[in-house]
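This report refers to the structure that appears directly beneath it.
The values are calculated or read from the model by the stated rules, or taken from the named source; none is laboratory data. These numbers come from a predicted model, not from an experiment. Cβ placement follows ideal geometry from the backbone for every residue including glycine, while neighbour counts extend to all protein chains displayed.
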Amino acid sequence: MNHIKSIHSPACQIGLFAILVQGCALLVRNSYYLFVLNIVGINIIVVIGLNLLMGYAGQISLGHAAFYAIGAYLSAILTVTYGFPAWPTLFLALIITAGVAYVIGIPIMRLEGHYLVMATLGFGIILYIVLIQWDDVTGGPSGFAGIEPLHIGSLTFDSDRRFCYLIWPCVLLTLWGSLNLVRSRVGRGLMALRSDELVASCTGVNTEGYKVKVFVLSAVLASLAGSLYAHYIGFVSPGTFSFFYSIQVVTMVIVGGLGSLWGSVLGAALLTVLPEFLGIFQTYNVLMYGLVLMVVLVFFPEGLLPGLWFALQKTHRKHR
Amino acid sequence: MTTPAQLWQFLLSGLTTGSIYALIAIGFSVIHNATGIVNFAQGEFVMLGAMTMITFSRDLGLPMPAAFAASVLAVAAIGIGLERGPLRNARSRVVLILVMITVGASIFIRGVSMIIWGKMPLSLPPFSGDTPISFLSAAVMPQSLWIFGITLCAVIILHYFFKHTMLGKAMRAVAANRRAARLSGISVDRIVFFSFALSSALGGMAGIIITPITTMSYDAGVMLGLKGFSAAVLGGYGSMAGAIIGGLTLGVLETAGAGLLSSHYKDAIAFLVLLFVLFFRPAGFFGMTKVQRL
């Protein structure tokens with residue numbers, strides 16, 4: 001039985017996943033596909049963070065684009081305008097995002113869930129307005145260009161393939177950390193919190209503290225993804241960080257399944273890759289996301305992929 | 001420098017937009033009271049009201065009053081569709097899932113509207129000309145008077161409805177205690193159905209009367225919804241008097257802020273008000289202190 005157990009350990013699963021991604025990256029010759037693969041990686045980081053919040057803490061944020069934007073714009077502005085070094089700026093951005101999320105999270109987490117939904121939605125919209133209006137600093141609607149790629153020593157991550165070797169280790173680390181987090185004492189506390197807040201608090205789980213911490217963690221992951229994005233593309237503009245991005249990542253979480261981190265990986269990959277390759281999505285993008293979000297939540301509230309999986313198992317059992 | 005005349009002008013135009021926020025906030029409260037959920041599609045109803053009015057009056061050439069009635073009915077039908085369709089058939093009864101379904105619905109409505117009405121902002125002609133009337137040294141657009149009038153009528157009718165009709169009393173009973181209402185023979189289903197019809201009709205009406213002043217585009221729903229929600233929270237979520245006072249206060253704060261501080265960040269004011277209230281007094285002006293603190 002020992003070997004079966006080991007397959008279910010996060011380290012082993014992540015090893016297999018890393019080999020899979022590495023295989024994809026090596027097989028792909030077209031740099032556009034590599035670009036899509038990198039964007040998938042960036043989205044996975046955001047979606048995993050959001051799933052920790054939605055799936056484990058049972059809270060929903062409609063403003064994750066804002067945290068993503070804070071990371072991206074801080075990295076962009078501080079390195080280009082003020083000449084800060086890239087890596088320390090990235091960590092500074094993480095700390096600032098954590099502070100902002102903490103300040104928003106503390107009062108709101110004490111209230112019912114939909115206050116957080118509305119407050120994060122509002123925060124996202126306000127930040128978007130600031131990005132557009134404060135054009136001396138942010139470049140306004142036309143965006144902010146000239147961000148240098150990241151480098152470690154003499155290795156510069158300036159091509160799609162090279163960036164692949166930066167983003168995917170980050171994705172794997174995030175995934176590994178999150179998988180371990182949800183299996184830890186904290187993770188069990190979070191699961192207790194999700195299934196029944198009152199019971200959780202009675203059994204000694206600091207529910208308020210956990211919710212705020214997970215909110216901060218998920219904001220920090222979005223900020224990390226944002227910084228990486230800015231250094232990868234070399235250009236940021238408000239359009240990337242609109243309300244619609246927040247909806248996209250929420251949809252990815254819900255398609256992949258609440259509380260299923262591997263589901264998030266699949267959900268992010270699926271919803272990033274499909275629109276890229278189906279041209280029809282251009283005009284119908286907004287409509288499709290709305291429809292997917294609504295239909296999945298109506299019929300598979302636990303998530304599309306887990307829902308389909310259960311349905312499949314059920315029919316399979318019937319046949320036998 | 002700002003003169004008293006200017007302040008007076010801010011007050012009047014603030015009350016105009018404030019009336020709209022009040023109507024949207026009442027819509028939020030009505031649905032919240034019947035179902036306990038926040039309807040994120042409330043702002044889309046406002047947008048849809050304006051858009052269907054444009055279709056009925058400009059494209060189909062219906063006279064103003066007929067087009068007004070037809071669009072309010074159309075939006076009410078869409079609101080009923082949202083309740084009868086996705087919300088009623090949802091497999092999960094968890095409040096947050098239902099709330100997210102309304103988010104999905106609002107994005108869907110937005111996407112469909114973009115395809116039907118395009119991306120450009122559209123406008124409606126004012127109901128009765130656009131010569132400003134001077135009123136105590138401030139210029140008032142006739143449309144503002146229409147907005148005050150219609151909002152006032154709506155509020156009076158709603159007040160009568162909630163206090164003196166059987167259905168209105170039943171709705172209040174459900175808001176007070178669902179189970180007790182059901183035990184005393186009220187069909188909660190019917191109340192939920194009716195509350196969606198009522199709140200979408202109110203939203204649609206708000207959209208129709210504001211469009212001659214502000215124009216309307218397919219993506220305006222989110223912002224209007226957010227402001228209506230802020231107004232509702234400011235006044236005390238779920239209370240009708242609160243929704244009205246909250247809406248008017250927010251409208252005035254916003255116009256004054258735009259005039260005195262910066263017009264670029266006008267839309268940020270509603271959100272700052274929302275955060276401020278949630279920080280310091282989550283029950284709002286009129287709310288009972290029973291905001292659920294989990």
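Scanning the range A:1-18 for residues that are β-branched (V, I, T) and over 22 Å from the mean Cα position of the chain (by Cα), we see that the one that is modelled with the lowest pLDDT is A:I4.
Every listed requirement among (1) within 26 Å of B:I244 (Cα to Cα); (2) touching a residue at least 12 places away in the same chain (Cβ under 8 Å) is met by B:A69 save one, (2). Taking every residue in the range A:104-123 that is facing another protein chain (nearest Cβ under 7 Å) and under 18 Å from A:Y210 (Cβ atoms) and pairing it with any residue that is buried (at least 23 other Cβ atoms within 10 Å of the Cβ) and β-branched (V, I, T), at least 6 positions away or on another chain, the pairs with Cβ-Cβ distances below 7 Å are A:G113/A:I60; A:Y115/A:I108. Screening B:I213 with (1) out of contact with any Leu (no Cβ under 9 Å at 6 or more places or on another chain); (2) crowded, with 20+ Cβ neighbours inside 10 Å; (3) more than 16 Å from A:Y115 (Cα to Cα) gives one miss only, at (2). Against the numbered list (1) in the same structural domain as B:A176 (by TED's automatic domain parsing); (2) farther than 19 Å from B:M51 by Cβ; (3) not polar (S, T, N, Q), B:F229 comes up short only at (1).
Of all residues in the range A:43-92, those being without any contact (Cβ under 8 Å) to a residue 24 or more places away in the chain and part of a loop (DSSP other than H, G, I, E, B) number 4. Close Cβ contacts (under 7 Å, 6 or more residues apart or on different chains) running from residues in the range B:79-98 that are more than 10 Å from chain A (Cβ to nearest Cβ) and of a type in the set (G, A, S) to residues that are part of a helix (DSSP H, G or I) and crowded, with 20+ Cβ neighbours inside 10 Å comprise B:G79/B:F45; B:G79/B:F196; B:G79/B:S199; B:G79/B:S200. Checked against the criterion of being within 13 Å of another protein chain (Cβ to nearest Cβ), of a type in the set (A, V, I, L, M) and over 30 Å from A:D196 (Cβ atoms), the candidates B:A105, B:A41, B:A25, B:A74 yield just one match: B:A25.
The set of residues in the range A:213-231 that are more than 12 Å from the chain's Cα centre (by Cα) and surrounded by fewer than 24 Cβ atoms within 10 Å (Cβ to Cβ) comprises A:K213, A:V216. Give the residue that is surrounded by the most Cβ atoms within 10 Å (Cβ to Cβ), with candidates limited to residues of the range A:183-209 that are modelled with pLDDT under 85 and among the hydroxyl-bearing types (S, T, Y). Top of the filtered list is A:T207. Taken together, the residues in the range B:19-71 that are over 26 Å from A:G290 (Cα atoms), among the hydroxyl-bearing types (S, T, Y) and over 18 Å from the mean Cα position of the chain (by Cα) amount to 1.
Taking the criterion of being more than 18 Å from B:G204 (Cβ to Cβ) and either without any contact (Cβ under 8 Å) to a residue 12 or more places away in the chain or among the charged types (D, E, K, R) (or both), the residues of the range B:106-125 that qualify are B:I107, B:G111, B:I115, B:K119.
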